[in-house]
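Participant: The following block contains the structure, expressed as structure tokens.
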Amino acid sequence: MDAPRAQVVLLCGPSGSGKTHIAARSGLPVFRLDDFYRDGDDPALPISAELGIPDWDDPRSWRADDAVAALDALCREGRTTVPTYDISLSATTGEAQMELGGAPAVVAEGVFAAEIVEHLRDRGLLADAVVLHRAPWKNFVRRFARDLAERRKPPATLWRRGRILMGVERDVVQSACDRGCRAVEAAELAALLRRLRDGAGVG
């Protein structure tokens, strides 16, 4: 197997914790793991018993094998094809080409990033795996404002889902740590990504 051109920082954390914002400001390519959600008509998509809608917080709603294969191609070949997903439609709406552009690392961020820690480690692609944590009530406010602005689902559904997520956030962080991630705060994460962008390694 060819040596990779770049390695991956897996970035997970509760919805609304600021993963996407920090990754976008890092100067590194950002691989959106959430674009690998299943389509709404996929029979393998789990349904939330409480809300009656697709359970986007269940790892079974996500195509992990496809995400790993695309990341492997990106790190070894310098480019890959990724889907574009619209969660308001519960559907894949197209695809795009993604390139490394000479970057030494790529940030793979998404709710289920911890699910593929071992997969990337076994392929020699893992630079680090982290879970971003902050006060659950702050995540609730950020998530609700974001989802309303993006019209992801009806407001009542967003509010109910947000309350449910707020109640389990500490378990989400602990579960990620159990799978091989380490918990970091926003400033520590930003510093880590700067070091990788500058070729200094994890440190």
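The values are calculated or read from the model by the stated rules, or taken from the named source; none is laboratory data. Every value quoted in this text rests on a predicted model; they were computed, and no experiment measured them. Glycine also receives a Cβ, built like all others from the backbone with ideal geometry; neighbour counts cover every protein chain displayed.
Participant: Which condition from (1) at pLDDT below 95; (2) closer than 19 Å to residue 171 by Cβ is the one that residue 101 breaks?
Facilitator: (2)
Participant: Just one of (1) over 20 Å from residue 14 (Cα atoms); (2) at pLDDT below 80 trips up residue 139, so point out which.
Facilitator: (1)
Participant: Only one of (1) part of a loop (DSSP other than H, G, I, E, B); (2) of a type in the set (Ser, Thr, Tyr); (3) in contact with a Leu (Cβ under 7 Å, 6 or more places away or on another chain) fails for residue 80. Which number is that?
Facilitator: Answer for residue 80: the failing condition is (1).
Participant: I would also like to ask the following. Those residues that are hydroxyl-bearing (Ser, Thr, Tyr) and over 27 Å from residue 160 (Cα atoms), I need them from the range 43-82; list them, please.
Facilitator: So the first thing to find is which residues in the range 43-82 are hydroxyl-bearing (Ser, Thr, Tyr), and the list is 48, 61, 80-81.
The answer is 80, 81.
Participant: Quick one: which residue in 73, 44, 69, 49 is free of Cβ contacts under 8 Å to residues at least 40 places away in the same chain, assigned to a loop (DSSP other than H, G, I, E, B), of a type in the set (A, V, I, L, M, F, W, C) and closer than 24 Å to residue 119 by Cβ? Talk me through it step by step, then tell me what you get.
Facilitator: Values: 73 fails: assigned to a loop (DSSP other than H, G, I, E, B); 69 fails: assigned to a loop (DSSP other than H, G, I, E, B); 49 fails: closer than 24 Å to residue 119 by Cβ.
Only one candidate qualifies: 44.
Participant: For the range 42-69, give me each residue that is at pLDDT 90 or above, more than 24 Å from residue 79 (Cβ to Cβ) and of a type in the set (Asp, Glu).
Facilitator: Matches in the range 42-69: 42 only.
Participant: Counting only residues that are in contact (Cβ under 8 Å) with a residue 40 or more places away in the chain and out of contact with any Asp or Glu (no Cβ under 7 Å at 6 or more places or on another chain), how many does the range 89-111 have? Please lay out each step first, then the result.
Facilitator: Here is the first cut: in the range 89-111, the ones in contact (Cβ under 8 Å) with a residue 40 or more places away in the chain are 89-92, 98-101, 103-111.
With out of contact with any Asp or Glu (no Cβ under 7 Å at 6 or more places or on another chain) added as a condition, the list becomes 89, 98-101, 103-109.
Counting residues in the range 89-111 that are in contact (Cβ under 8 Å) with a residue 40 or more places away in the chain and out of contact with any Asp or Glu (no Cβ under 7 Å at 6 or more places or on another chain) gives 12.
Participant: Do we have residue 18 as crowded, with 20+ Cβ neighbours inside 10 Å, within 24 Å of residue 190 (Cβ to Cβ) and within 14 Å of the chain's Cα centre (by Cα) here?
Facilitator: Details: crowded, with 20+ Cβ neighbours inside 10 Å: no; within 24 Å of residue 190 (Cβ to Cβ): yes; within 14 Å of the chain's Cα centre (by Cα): yes.
Taking the combined requirement at face value, the residue does not satisfy it.
Participant: Shifting gears a bit: Can you tell me which residues in the range 93-105 are surrounded by 18 or more Cβ atoms within 10 Å (Cβ to Cβ) and in a strand (DSSP E or B)?
Facilitator: Those that are surrounded by 18 or more Cβ atoms within 10 Å (Cβ to Cβ) and in a strand (DSSP E or B): 98, 105.
Participant: Across the range 154-198, what is the number of residues that are within 16 Å of residue 9 (Cβ to Cβ) and at pLDDT below 80?
Facilitator: 0
Participant: Can residue 121 be described as farther than 19 Å from residue 19 by Cα and modelled with pLDDT of 90 or more?
Facilitator: Spelling it out, residue 121 is indeed farther than 19 Å from residue 19 by Cα and modelled with pLDDT of 90 or more.
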